[in-house]
Amino acid sequence: MPATVTAAPRRTSVDNDYAELKRLVRERGLLDKQPRYYTFKILLTLALFALSFLILFAVDNFWVQMLNAVYLGIMSTQIGFLGHDLGHGQIFNSARRNGFYGLLAGNLLLGMSRSWWVNKHNAHHSNPNVEDMDPDIDIPILAFSEEEAQSKQGLLRSIVRYQAYYILPITSLQAFGMHNVTLQTLLRGKSEDWKIELTLVLVHFFLYFALVFMALPFWWAVAFIILHKVVFGVYNSSVFAPNHKGMPVLPKDTPLDFLRKQVLTSRNIIAHPVTDFWYGGLNYQIEHHLFPSMPRNKLSQAQPIVVEFCRARGISYHETTVLQSYREILEHLHEVSAPLRTEGASATA
């Protein structure tokens, strides 16, 4: 399980801690935009994304196309990482440019509403793991505290009872769920630019289905689409889940200041070139939450500064391996739903 949350006694200067930490990273130039890095990253990611569609038309082999669907699921998530960076203003100084390219990445390439995601994600960043305030823990089909588990009724209660075992099939549906929420949001006009967003999403679906069904026999195409979306959902969920799931859930009226709230509810994955790529830089979740606009390639340089800063103030900083992070998540989900299993066992006794 995650390390016990500990924080030094509140001092009169506690509200200045974050300002001091931000000054340290700013002096190192870690908040400066990185145009060369992102130019290379964007061009490479788009080229690798387009490669999947080249394979789609170039190879007449079912199993190769199934592998291609897996590959496209991975590259769709990599496109999502770029959309994430654009949403945080990491790439351009201009909000308009971040917004424009965010629409292309999210709505056009992924079929997902940029405005819906940005609003949801901003709410998460403001109050990570805070009850009734963080939309990322407001998931009807899961429970992240015993109180939440006990509140479930009917079918949801049955699912939550064994939620740790159901997590894989649940995450496999994530991409379908995002498409559904996107269409509901935009068709109801719940976006300032909903007409533009909806047009781009419809263009996405038209081109996506047209290309897949033009390139492949009907049932191959159906299998390709399902596998692509399942891999996209599982990969996307496997990257975002370790960030906060299984970490402390805070009450709505938590007295913690910004610095401690962000650090104590976040989990880092030990850095490595492979994990840096696979997680899109989100393995530095603590640093990302403290400095959302920091370019992805600067997070690793900020980490030792943040670690030392937290150590000096007695703030628990949690970093672990990939496998241990998933173990912590599953143990937490299993633990909070334990009362429901006990209830079920009593009922059948």
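Of the candidates Phe240, Phe176, Phe218, Phe206, the single residue that is closer than 21 Å to Lys120 by Cα and either of a type in the set (Val, Ile, Thr) or open to solvent by 80 Å² or more (accessible area, probe 1.4 Å) (or both) is Phe176. Just to be sure before I move on: is Asp276 at pLDDT below 95 and charged (D, E, K, R) in the structure I sent? Answer is no for this residue. Number of residues in the range 124-161 that are under 17 Å from Gln262 (Cβ atoms) and outside any helix (DSSP H, G or I): the value is 7. Taking first residues from the range 78-105 that are closer than 16 Å to Val201 by Cβ and partners that are at pLDDT 95 or above and among the acidic types (Asp, Glu), the Cβ contacts under 7 Å between residues at least 6 apart in sequence or on separate chains come to Leu103/Glu197.
Tallying residues that are open to solvent by less than 50 Å² (accessible area, probe 1.4 Å) and over 20 Å from Gly80 (Cα atoms) within the range 109-127 yields 1. Here Asp253 passes the criteria (1) assigned to a helix (DSSP H, G or I); (2) closer than 27 Å to Gln150 by Cβ except the one numbered (1). Counting only residues that are surrounded by fewer than 15 Cβ atoms within 10 Å (Cβ to Cβ) and either in contact (Cβ under 8 Å) with a residue 40 or more places away in the chain or not in a helix (DSSP H, G or I) (or both), the range 182-195 holds 4 of them.
Are any of the residues in the range 339-348 buried (at least 21 other Cβ atoms within 10 Å of the Cβ), under 27 Å from Pro140 (Cβ atoms) and of a type in the set (Ser, Thr, Tyr)? No, the conditions are met nowhere in the range 339-348. Taking the range 282-301 as the region of interest, how many residues are crowded, with 23+ Cβ neighbours inside 10 Å and small (Gly, Ala, Ser)? Selection size over the range 282-301: 0.
Checked against (1) crowded, with 17+ Cβ neighbours inside 10 Å; (2) among the aliphatic types (A, V, I, L, M); (3) over 16 Å from the mean Cα position of the chain (by Cα), Ile79 passes all but a single condition, namely (3). The residue list Phe232, Phe309 contains one member that is touching a Gly at 6+ places or on another chain (Cβ under 7 Å) and more than 20 Å from Gln90 (Cα to Cα), which is Phe232. Selection over the range 85-106 of residues that are open to solvent by less than 20 Å² (accessible area, probe 1.4 Å) and either within 16 Å of Tyr37 (Cα to Cα) or touching a Phe, Trp or Tyr at 6+ places or on another chain (Cβ under 6 Å) (or both) gives a count of 6. Could you tell me whether the range 162-171 includes any residue that is of a type outside the set (Asp, Glu), surrounded by 14 or more Cβ atoms within 10 Å (Cβ to Cβ) and under 26 Å from Leu109 (Cβ atoms)? Yes, the conditions are met somewhere in the range 162-171.
The values are calculated or read from the model by the stated rules, or taken from the named source; none is laboratory data. Since the model is a prediction, treat every value here as computed from it, not as a measurement. Neighbour counts are summed over all protein chains in view; Cβ atoms, including those assigned to glycine, are modelled from backbone coordinates with ideal geometry. For accessibility, only protein heavy atoms count, side chains too; no ligands or nucleic acids. Shrake-Rupley method; radii C 1.70, N 1.55, O 1.52, S 1.80 Å.
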